[in-house]
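Enquirer: Here it is, the structure, as structure tokens.
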Amino acid sequence: MARGGPRLDNGRRLELGQSFQDGGEHYQRVRPGYPADSADWLVPAGARDAVDVGAGTGKFAALLLERGLAVSAVDPSDDMLEQLRAHYPEVTATQGTAEATGLADSSFDVVSVAQAWHWCDALPASTELARILRPGGTLGLIWNQLDTSVPWVHRLSRIMHAGDVYMPGFRPVVGPEFEGLESHVTRWEDSLSTADIMELTKSRSYYLRAGEATRNKVLANLDWYLHEHLGHGTGEDIRLPYLTLTWRAFKA
């Protein structure tokens, strides 16, 4: 089966991933959360403990908390974790990566990785996450993706240089420590203004790593597309279609 998603070698992955080390407050403010349906499908009955790896500012961890789990979080960016601790003080948050969490063996029923697996080295990360899961524990990989089957969203994604777009046939790589990989799709819409879309663009790795001239060009193209081509007013709310693709597998 074809594998979609960004094709990154380790050097490029690290370079782009570094762009998220700062800007936690902006990320928390402008990035969308996740639909409840995603966590409902992922979290098994009877689960008690979960860790959100690559947790960022805690947008998926919030859903785990709502389901009554004791939640830990791991992220390489202290700036992101500062936001997470401020919004979700009940989460135990530590600095680390999917390849080296620093957590104890067999400690969790669920490990989630939301909007971050493509930044990980999949096979070493699988080994590490299997280590911290209890026998039969659940690995969840979650992506919010722009629904580019909608023509205007497809063009928007190209102007934004968005990497998080739905690609039919996508299947994430996981290590042999896991079995039974299956997926679930949730269709939903996020309501935001044209100014919000501009800010959303500024939170993406392409924009964060670009020079000033490229950034200005991206924002000018967005301004033209949203306000002149599509005819939206600056204060008008737009419903932006998303797909949330949730994958789960079980520790073998």
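The values are calculated or read from the model by the stated rules, or taken from the named source; none is laboratory data. Remember, it's a predicted structure, so these values are computed and weren't measured experimentally. Positions of Cβ are backbone-derived with ideal geometry, glycine not excepted, and every protein chain shown enters the neighbour counts.
Enquirer: Among (1) of a type in the set (A, V, I, L, M, F, W, C); (2) assigned to a helix (DSSP H, G or I); (3) crowded, with 22+ Cβ neighbours inside 10 Å; (4) at pLDDT 95 or above, where does A50 come up short?
Expert: In the conditions (1) of a type in the set (A, V, I, L, M, F, W, C); (2) assigned to a helix (DSSP H, G or I); (3) crowded, with 22+ Cβ neighbours inside 10 Å; (4) at pLDDT 95 or above, A50 misses (2) alone.
Enquirer: Moving on to the next point. Could you please let me know if E179 is over 18 Å from H154 (Cβ atoms), touching a strand residue (DSSP E or B) at 6+ places or on another chain (Cβ under 9 Å) and assigned to a strand (DSSP E or B)? Don't jump to the end; show me each part of the working.
Expert: Working: over 18 Å from H154 (Cβ atoms): yes; touching a strand residue (DSSP E or B) at 6+ places or on another chain (Cβ under 9 Å): yes; assigned to a strand (DSSP E or B): yes.
Answer is yes for this residue.
Enquirer: Kindly indicate which of T101, T138 is at pLDDT 95 or above, outside any strand (DSSP E or B) and of a type in the set (S, T, Y). Before you say what the answer is, go through the steps one by one.
Expert: Working: T138 fails: outside any strand (DSSP E or B).
Result of the check over T101, T138: T101.
Enquirer: Residues of region 148-172 being within 15 Å of the chain's Cα centre (by Cα) and not small (G, A, S), which ones?
Expert: First pass over region 148-172, keeping only residues within 15 Å of the chain's Cα centre (by Cα): 162-166, 172.
Result: D164, V165, Y166, P172.
Enquirer: What are the pairs with Cβ atoms under 9 angstrom where one residue, in region 75-89, is within 12 Å of V53 (Cα to Cα) and the other, located anywhere, is assigned to a helix (DSSP H, G or I) and at pLDDT 90 or above? Sequence gap at least six, or different chains.
Expert: Pairs that qualify, where the first residue is within 12 Å of V53 (Cα to Cα) and the partner is assigned to a helix (DSSP H, G or I) and at pLDDT 90 or above, are D75/L81; D75/L84.
Enquirer: Further question: Return the pairs, sorted by first residue and then second, in which the second residue is part of a strand (DSSP E or B) and of a type in the set (K, R), the first residue lies in region 181-193 and is over 19 Å from G231 (Cα atoms), the beta carbons are less than 7 Å apart, and the residues are 6+ apart or on different chains.
Expert: Correct list of pairs: E182/R248; E189/R239.
Enquirer: Give me the residue from region 56-88 that is of a type in the set (K, R) and closer than 21 Å to D40 by Cβ and, out of that set, surrounded by the most Cβ atoms within 10 Å (Cβ to Cβ). Walk me through it before giving the result.
Expert: Just the residues of region 56-88 that are of a type in the set (K, R), to begin with: 59, 67, 85.
Imposing the further condition that a residue be closer than 21 Å to D40 by Cβ reduces the set to 59, 67.
Working: K59: 23, R67: 15.
Among those residues, the one meeting the criterion is K59.
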